[in-house]
Amino acid sequence: VEFLWVGNHPGIDLCNTVPVVRGGAVDLLADPEALDRWLRLSGWLRRDPTEPAGIATLAWVHRLRAALSEALVAGADRPVRLHAVNDALQDRARPVVTADGRIDLLGDDAQAQLRLDLTGLAAGALALDPARVRRCAGAHCVLVFFDTSRSGTRRWHDMATCGNRAKAATHHARTTA
Ligand SMILES: [Zn+2]
């Protein structure tokens, strides 16, 4: 299974790295190399990491991913779910002021910097309109997407797979009823 880019935001697609394949959850970020590959392909990092992701950073990403996917689709419960996200984030960083007068955070080392950049990614996903961030309505699908359709009524992560399956199931139910 290759990485999925169906969420319309890399922070959402980070949550889409544990898809259900033939009835079982598959972790596409099973090792640090996979995380590095995902980061490169996501196009998210503004600066190239100075070293590959370590095993501790991978474990950190797994915690963040689990908490973030709950928070993104939690609706009114989002503030509560955010506690889990912020618990996962615990890290060391120092504030710096930038040339244009903003406050930025710098990681203590390359791994902390990588985690900070991923924290920015999570924040970016949480900044999207929550009413348009939803989980696919497919029966066994766990994928999340940001609905960029004009009507804002998109239900499936992909029309060709989950959408068609739902239509076929409805048709089957109708014809067998
Ligand atoms: Zn789906």
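Some observations on this one:
- Evaluation of R40 against the conditions (1) of a type outside the set (S, T, Y); (2) modelled with pLDDT of 95 or more; (3) surrounded by fewer than 17 Cβ atoms within 10 Å (Cβ to Cβ) shows that the sole unmet condition is (2).
Table: residues versus (1) of a type outside the set (G, A, S); (2) within 16 Å of the ligand (Cβ to nearest atom).
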| residue | (1), (2) |
| --- | --- |
| L118 | yes, no |
| R135 | yes, yes |
| A139 | no, yes |
| V142 | yes, yes |
| D147 | yes, yes |
| R154 | yes, yes |
| H157 | yes, yes |
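- Test for A173: is it surrounded by fewer than 13 Cβ atoms within 10 Å (Cβ to Cβ) and either within 9 Å of the ligand (Cβ to nearest atom) or at pLDDT 80 or above (or both): no
- So T161, is it near the ligand (Cβ under 10 Å from one of its atoms), β-branched (V, I, T) and modelled with pLDDT under 90: yes
- Of all the listed residues (L68, L64, L14, L4), the sole one being assigned to a loop (DSSP other than H, G, I, E, B) and modelled with pLDDT of 95 or more is L4.
- Taken together, the criteria exclude L128 from residues that are loosely packed, with under 15 Cβ neighbours inside 10 Å, of a type in the set (A, V, I, L, M, F, W, C) and not in a helix (DSSP H, G or I).
- Every pair of residues 6+ apart whose Cβ atoms lie under 7 Å, when the first sits in the range 148-177 and is under 16 Å from G7 (Cβ atoms) while the second is more than 9 Å from the ligand (Cβ to nearest atom) and of a type outside the set (A, V, I, L, M): T148/N8; G152/R132; R154/D147
The values are calculated or read from the model by the stated rules, or taken from the named source; none is laboratory data. Not measured: the values here are computed from a predicted model. Don't worry about glycine lacking a Cβ; one is built from the backbone with ideal geometry, like all the others, and counts go over all protein chains shown.
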